[in-house]
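Below: the structure, in structure tokens.
We did not get these values from a lab; they are worked out from the coordinates using the rules stated. Keep in mind the model is a prediction, meaning the values are calculated, not measured. We place every Cβ from the backbone using ideal geometry, glycine too, and count neighbours over all the protein chains shown.
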Amino acid sequence: MHSRGRLIPDARLRQRPSEDTTVTEQRQHVRYQVEFPAIFAGAPSGVGIVYNLGMGGCKVVSDLPVKTGIRFTVHLQTPEQPIAITIQAATVQWTLKHEFGVEFHEMLEQERTRLGQFLATQANVVP
């Protein structure tokens, strides 16, 4: 849950990854329920809200017209961090109306560390 730029813990969501078993079975990383903005740079460019995040990718809700296979740079505007976490190369893996899944391919080691630290805080959320 998100309120004024702060992540509000929801233990029911934080303690489990996505429940879509067909997609989850293909994942190599656990995903956590979150809610914060992201900026997508490339063709097309735009904004969306990240609702599901792991080291390997995320689920986004957006009006951005994307198709499977599109590559772009993703800037994750995580709560409590003044500078966005940048994923240099990401690919759209699936689309549904106003939702799409993104797989992360390239990020600097520093950004990977920051993403890992953010996710560690999500794994340790206590109800």
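Listed values, structure above:
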| quantity | calculated |
| --- | --- |
| Spin-label pair Ala89/Val47, simplified geometry with 7 Å Cα→Cβ offset, distance in nm | 2.9 |
| Anisotropy class of the range 39-127 from Cα gyration tensor, a/c 1.5 cut | prolate |
| Residue-by-residue Karplus 3J(HN,Hα) for the range 54-60, coefficients 6.51, -1.76, 1.60, Hz, glycine and proline x | x, 5, x, x, 7, 10, 10 |
| Centre separation in Å (Cα based) which lies between the range 79-114 and the range 53-67 | 8 |
| Label-point gap, in nm, between Thr113 and Met55 - each point 7 angstrom along Cα→Cβ | 1.5 |
